[in-house]
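Scroll down for the structure; my scribbles are underneath it.
Every number in this text was worked out from the coordinates using simple rules, so none of it is lab data. Predicted model only: the values in this text are computed from it and were never measured. Don't worry about glycine lacking a Cβ; one is built from the backbone with ideal geometry, like all the others, and counts go over all protein chains shown.
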Amino acid sequence: MHPALSSRRNILLGAAALVAAGGVFAWRTLAPKPVHSRIVVADSAAVASALFYVARDQGYFAAEGIALETIKTNSGKEALELVAKGQADLGMVAEAPFVRAIAAGVPARIVATVETSERNTGIIVPDQSPIRAPADLKGRRVGFCPGTASEYFLNVFLAANLLAESDLQAVPVTPKDAHQALAAGTVDALSGWQEIRAHADKALGQRTRIFYAQGTYLETWNLVALAGFLDANPQAVEGFIRALLKAQSFVAANQEAAITIAAQAIGIDRATIAEMWPDYAFDLSLDQALIANLEGHWRMLTEQDASTPMPDFMAELAPNALQAADASRVTYLR
């Protein structure tokens with residue numbers, strides 16, 4: 001387990017309180033492993049998905065009898081939308097889009113958290129910007145990607161820095177075009193994740209600066225699927241999880257090789273990925289902190305209507321595959 005992971009998980013409980021205040025594909029089995037299980041994965045080209053890229057590169061999915069098809073997306077939100085429509089079987093996504101999908105009645109389930117980070121999302125500004133501290137955001141135009149971790153982070157960041165939404169002008173942007181809005185000066189700052197920052201760096205021709213909210217928000221990156229797919233394909237999903245666990249071991253033992261694999265998969269220069277790498281904890285889990293995180297997102301989503309009952313997020317987790325692969329990684333109270 002990543003040495004910083006256990007302490008980082010405690011952050012989620014504080015984040016939840018802060019925000020509250022402020023398809024199915026056929027497969028068959030030939031013992032002992034499934035053969036030619038076809039799984040369609042929606043991938044948003046994120047460092048957080050490094051275990052997926054390593055497992056694919058090292059042939060771990062193929063060893064489990066899984067034939068992969070990958071659909072590229074611009075965000076975890078878009079990946080989840082493809083899963084919800086039955087156009088993809090699995091996707092990887094942060095908590096915000098998942099909670100919104102549950103609120104919309106989508107029968108999505110989290111199979112496992114594959115990565116966590118306190119520094120994946122932040123407030124990005126050009127290096128020459130006069131914005132030098134959170135208070136300097138007052139009166140500024142701040143871009144955010146609606147329905148994603150970008151929007152949630154902006155709310156957490158404002159609350160943590162005693163700022164109100166009315167102190168600035170929040171400007172909706174898309175994940176695909178967010179970096180261009182910053183480079184063109186359409187927005188003064190941007191709430192976005194590291195891949196958006198890397199694209200902004202390239203568009204601006206210089207490294208941007210970024211403000212984090214460490215100690216208040218631990219973002220989780222989660223493998224999700226529809227309940228129907230999981231029910232119909234248990235062995236294929238277990239094989240997928242086993243492949244990711246092999247990748248986790250590879251990453252721990254071969255960091256430099258893993259960085260190269262991730263950089264090639266994402267399409268961002270290796271030096272930038274290497275700079276980001278220490279900020280990510282790659283560790284498969286399903287824990288109580290994840291549930292607290294989901295509850296915090298729900299409170300923010302329903303803050304204008306506190307009468308809306310919170311769902312039982314334990315029922316939105318699908319632990320069977322991870323339980324079968326390594327039961328010690330499923331630690332939430334049941």
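Here are some notes:
- Each Lys and Arg contributes +1 and each Asp and Glu -1, all at the Cβ; summed about the Cα centre of the range 121-211, the dipole is approximately 180 debye.
- Taking other C-beta atoms within 10 Å as the exposure proxy, Glu238, Glu165 rank Glu165, Glu238 from fewest upward.
- Globularity index of the range 121-211, i.e. its alpha-carbon radius of gyration over 2.2 N^0.38 Å: 0.94
- Scanning residues 5 or more positions from Glu115 or on other chains, those with amide H under 5 Å from its amide H are Trp221, Asp283, with H placed 1.01 Å from N in the peptide plane.
- Alpha-carbon Debye profile of the chain, log10 I(q)/I(0) at 0.08 Å⁻¹: -0.35
- Residues listed by number, the range 236-273, amide nitrogen under 19 Å from Arg207 label point at 7 Å toward C-beta: 259-260, 263, 268-273
- Peptides 70-83, 275-288 ranked from most to least packed by the mean count of surrounding Cβ atoms within 10 Å: 70-83, 275-288.
- Listed by chain and number, the aspartates and glutamates placed with their C-alpha closer than 19 angstrom to that of Lys138 are Asp127, Glu151, Glu165, Asp167, Asp188; residues fewer than eight positions away on the same chain are left out.
- Rounded to the nearest whole Hz, the Karplus-based 3J(HN,Hα) values (6.51 cos²θ - 1.76 cosθ + 1.60, θ = phi - 60°) of the range 324-332 follow the sequence 5, 7, 6, 4, 5, 8, 9, 10, 6, with x at glycine and proline.
- The string of couplings for the range 287-299 from the Karplus curve (6.51, -1.76, 1.60, θ = phi - 60°) is 9, 5, 5, 4, 5, 4, 5, 4, 5, x, 5, 4, 4 Hz, one whole number per residue in order, with x for Gly and Pro.
- Peptides ranked, highest mean first, by Cβ atoms within 10 Å: ranges 52-62, 196-206, 131-141: 52-62, 196-206, 131-141
- The calculated Kirkwood hydrodynamic radius for the range 170-243 is 15.4 Å, given to one decimal from all distinct C-alpha pairs.
- Backbone geometry of the range 66-80 corresponds, through the Karplus equation with coefficients 6.51, -1.76 and 1.60 at θ = phi - 60°, to 3J(HN,Hα) couplings of 9, 9, 8, 10, 10, 10, 7, 9, 9, 6, x, 4, 5, 4, 5 Hz, x marking Gly and Pro.
- Spin-label model distance (nm) - Ala324 vs Lys176, 7 Å beyond Cα toward Cβ: 3.7
- Charge dipole (the range 52-169, unit charges on Cβ, about Cα centre) - positive-most of Gly105, Gly122, Gly139: Gly139
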